[in-house]
Every structure is written in structure tokens, then in C-alpha cells.
Amino acid sequence: MKTKEKILETARILFNTHGISAISSKSIAEEMGISYGNLCYHYPKKDDIILQLYLNMQKNVEQQFKNIKEEVINLEFMLSRLKILFEEIYKYKFIYLGITKVVRHFDHIKKHAQDQFDQRWNILDTISGFLIANGYMKAFKDNGQKDMLIHALLMVSNSWISDAEVFYKGKDSEKIDYYMQVFFNLVRPTLTEKGLEGFKTVYEKSIS
């Protein structure tokens with residue numbers, strides 16, 4: 001791993017453990033055992049580190065959403081992919097815990113986050129269309145009902161980490177699986193018998 005990558009990985013772990021505000025560039029350098037000047041050569045400001053971690057996270061999450069879309073032909077495989085998505089989000093939990101502060105501090109991050117939201121909305125819209133056309137999901141009464149479900153799913157994917165940090169009382173090892181169940185249960189009432197069979201298989205795996 002190159003120095004730039006080590007800096008990012010060390011910063012990610014420290015930010016996740018202590019929060020963005022509690023960690024400085026000097027803290028990261030000390031944790032790595034390198035000079036502050038060496039770190040600043042690669043990332044002059046802490047903001048540069050935060051920005052790069054954010055972009056890395058968004059790139060990885062975007063890829064997982066695309067994978068889910070590409071695998072929509074197999075309901076069970078598509079739903080199983082959600083765990084990979086939730087794990088990827090959890091790797092960068094400090095961003096989601098401080099997302100309001102981050103987007104207020106970086107105007108271009110706010111615009112980027114909004115663009116990503118729109119792209120993910122379109123992916124979920126495409127997926128719902130496929131599921132309805134192939135008998136996995138019931139037709140929506142109107143576009144408003146569909147839009148509300150999509151927004152709710154995106155809200156869970158964007159905010160479950162904050163909820164977990166304050167309200168989750170279970171085992172840490174079961175945290176991701178629990179919030180996957182929350183996500184799944186938003187979808188379950190809309191599924192047909194055919195969809196419920198595929199859902200049941202994945203849902204039972206997620207809680208086993």
C-alpha cells in the first residue's frame with residue numbers, strides 16, 4: 001500500500017472511531033509513524049483527506065448500486081447484493097454520521113451527493129419496473145406511491161448508521177443484518193407471492 005493509500009486508510013479508521021472533529025492531520029501522521037510534513041506533502045489539509053475518502057466511498061457505493069441493477073434478473077442474487085452495499089457504507093460510517101456538516105462545508109460535495117441521490121433513485125425506479133413486469137412486485141396505485149417507497153428506501157440506506165449509533169441495542173456483529181431487515185421490510189408488503197418466495201429465501205439467510 002502506497003503512502004497516500006495508507007494515509008486514507010488510517011484516517012478512515014480514526015474518523016470512524018473518534019469522529020472527524022477529534023482527529024487532526026497531526027493525529028493521523030502520529031498514528032502512522034510518519035512526519036507531519038510527509039503527510040502534508042500528499043494531503044496539505046485535513047479537508048483534502050475527507051474529500052478523497054468521500055469520493056472513494058461514493059465510487060464504491062455507486063458501483064454496488066450498479067451491480068444490483070445489473071443483477072435484477074435474479075431477485076435473490078440482487079437482494080443478497082444489498083449486504084455488500086450496507087457493508088461498504090459502514091466502512092465509511094463517519095461520513096454518514098457527519099453528513100450534514102460535510103455537505104455544508106463542501107459545496108461541491110453537496111451537489112455531488114444530490115446527483116448521486118438522483119442516480120440511485122433512477123436505478124431503484126428501473127428495478128421496481130422490472131420486478132413489476134416479471135411478477136415479483138405488485139403494480140403501484142400511482143407514481144406518488146412508488147416515489148414514496150423509493151424515497152423511503154434511500155432514506156434508510158443514507159441514514160441507518162446514524163440510527164444505529166444512537167438507538168440500536170443489539171450485538172455489533174448483527175448490526176448490518178438488522179438494518180438490512182429494516183430495508184427489506186419496506187419492500188415486503190409490495191411483493192407478490194412469487195416475490196415473497198424470493199424475499200423469504202434472502203431474508204431468512206440474512207437473519208440466520
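The values are calculated or read from the model by the stated rules, or taken from the named source; none is laboratory data. Just so it is clear, the model here is predicted, and its values are computed rather than measured. Don't worry about glycine lacking a Cβ; one is built from the backbone with ideal geometry, like all the others, and counts go over all protein chains shown. Each accessible area value is taken on the protein alone, full model and side chains, heavy atoms only, with ligands, DNA and RNA left out. Shrake-Rupley method; radii C 1.70, N 1.55, O 1.52, S 1.80 Å.
Listed by first and then second residue, the pairs linking a residue in region 10-33 that is more than 15 Å from LYS101 (Cα to Cα) to a residue that is hydroxyl-bearing (Ser, Thr, Tyr) and surrounded by 19 or more Cβ atoms within 10 Å (Cβ to Cβ), with Cβ atoms under 6 Å apart and 6 or more places separating them unless they lie on different chains, are ILE28/THR10; GLU31/THR10; MET32/THR10. Checked against (1) open to solvent by less than 80 Å² (accessible area, probe 1.4 Å); (2) assigned to a helix (DSSP H, G or I); (3) farther than 20 Å from TYR90 by Cα, PHE140 meets all criteria but (2). With respect to being at positive phi and touching a residue at least 12 places away in the same chain (Cβ under 8 Å), GLY198 falls outside the description. Filtering region 154-177 to residues that are hydroxyl-bearing (Ser, Thr, Tyr) and either within 10 Å of PHE86 (Cβ to Cβ) or open to solvent by less than 90 Å² (accessible area, probe 1.4 Å) (or both) leaves SER157, SER159, SER162, TYR168.
Scanning region 6-24 for residues that are open to solvent by less than 50 Å² (accessible area, probe 1.4 Å), part of a helix (DSSP H, G or I) and either at pLDDT below 95 or more than 15 Å from ASP48 (Cβ to Cβ) (or both) gives LEU14, ASN16.
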